[in-house]
Amino acid sequence: MFRYRLVHASDFPSLAQGQAWPGLLSPREETILSGLGLLPRRRKWLLGRVAAKQLVREVSDEDVPDHRISVLNQPSGEPFVLVEGRGGWERPISISHRSHAGMAAAPLDASVRIGADLETVEPRDLALVRQFYTDSEAAIVDAARDTRDEVVARIWSAKEAVLKLLGLGLRIDTRGVLVNLTAQPFAGCPAGWQPVDVKVIADLPRQSMLDGLRVMWRREAGYVLTLALAGSSL
């Protein structure tokens with residue numbers, strides 16, 4: 001159904017310092033990095049690129065050098081991949097980065113769209129819930145008690161993954177995406193992942209792209225990982 005890669009700054013000391021090692025970036029990417037001033041932004045950007053390049057090689061089953069792979073962004077912010085000498089990579093890709101980790105995910109079927117999100121599990125100001133969650137989602141958070149931090153992260157991550165799939169990001173009201181953490185299993189859900197019930201309850205751009213929507217999450221290394229996939233072949 002999909003492949004993903006999760007990388008950590010602790011495994012790449014130079015990236016933790018916001019520096020790329022020789023041969024990691026393409027000339028286009030070098031130009032982008034030179035325009036990123038703050039260390040946290042450089043680190044997260046680099047972690048996302050490393051995860052994406054590893055993923056491209058794994059899915060393509062070819063040993064393409066890092067510097068021949070460019071991970072770029074459309075004006076809308078959606079990432080895409082160019083491979084030098086071959087043009088655009090045939091699959092969509094989604095990238096997320098939080099704190100000291102980066103994640104990239106891609107569907108195995110090139111006709112399927114994907115959105116990936118990575119969130120830390122940590123205490124958050126409940127103003128986030130009041131402003132961005134529906135009443136029913138806020139009730140789920142309130143009932144969670146000891147697992148509240150994880151529940152807040154899981155709901156937020158599901159919203160972000162679906163909005164990334166649509167190529168919208170946080171430019172629309174997140175309350176238009178309704179998350180219910182109790183969901184029925186669906187065929188093809190990989191081992192280690194749990195389904196999430198997500199419904200779009202607002203009239204959003206590109207909503208027709210949600211055909212066959214499947215959303216799933218897992219906990220890994222202190223993070224919540226969420227993937228949203230959609231396509232007629234699902």
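General remarks:
- With protein chains left intact and a 1.4 Å probe, residues in the chain average 47 Å² of accessible area per residue.
- Three-way shape label, the stretch 115-234, alpha-carbon gyration tensor, a/c 1.5: oblate
- The chain, dipole about Cα centre (Lys/Arg Cβ +1, Asp/Glu Cβ -1), debye to the nearest 20: 280 debye
- Computed magnitude of the charge dipole of the stretch 11-122 (debye, nearest 20; Cβ of K, R +1, Cβ of D, E -1): 380 debye
- Rounded if a/c under 1.5, otherwise prolate or oblate - the stretch 45-147, Cα gyration tensor axes: prolate
- Long-range amide H partners of ARG98 with built H, under 5 Å: none
- Our coupling estimate for the stretch 27-34, obtained by passing each phi through the Karplus curve with A = 6.51, B = -1.76, C = 1.60 and θ = phi - 60°, is x, 5, 5, 4, 5, 5, 4, 5 Hz, Gly and Pro reported as x.
- Surface composition of the stretch 101-234: carbon and sulfur atoms hold 49% of the protein heavy-atom accessible area at a 1.4 Å probe.
- Order of exposure, largest accessible area first, which applies to ILE140, ILE69 with probe 1.4 Å: ILE140, ILE69
- GNM flexibility winner over the chain from ARG130, ARG219, ARG42 (Cα, springs under 10 Å): ARG130
- Packing rank of 23-34, 184-195, where each peptide gets the mean count of other beta carbons within 10 Å, highest leading: 23-34, 184-195
- Rg/Rg_globular for the chain, with Rg_globular taken as 2.2 N^0.38 Å and Rg from C-alpha atoms: 1.01
- J(HN,Hα) series, the stretch 165-175, from Karplus relation 6.51 cos²θ - 1.76 cosθ + 1.60, nearest Hz, glycine and proline x: 4, 7, x, 9, x, 9, 7, 10, 5, 5, 6
- Within the accessible area of the stretch 3-56 (1.4 Å probe), percent carbon and sulfur: 54 percent
- Helical contribution to [θ] at 222 nm, DSSP H n ≥ 4, -39,500 (n - 2.57), averaged over the chain, rounded to 500: -9000 deg cm²/dmol
- GNM on the chain, alpha-carbon springs under 10 angstrom: the most fluctuating residue among TRP45, TRP21, TRP217 is TRP21.
- Computed magnitude of the charge dipole of the stretch 177-234 (debye, nearest 20; Cβ of K, R +1, Cβ of D, E -1): 100 debye
- Think of the chain as a dipole: +1 on every Lys or Arg Cβ, -1 on every Asp or Glu Cβ, centred on the Cα centre; then among LEU108, VAL224, LEU39, LEU39 lies furthest on the positive end.
- For GLU90, residues with placed amide H under 5 Å, excluding near neighbours: none
The values are calculated or read from the model by the stated rules, or taken from the named source; none is laboratory data. Quantities reported herein were computed from a predicted structural model and do not represent experimental measurements. As a convention, Cβ positions derive from the backbone with ideal geometry for all residues, glycine included, and neighbour counts pool all protein chains shown. In case anyone asks, the SASA skips ligands and DNA or RNA and just uses the protein heavy atoms, side chains included. Shrake-Rupley method; radii C 1.70, N 1.55, O 1.52, S 1.80 Å.
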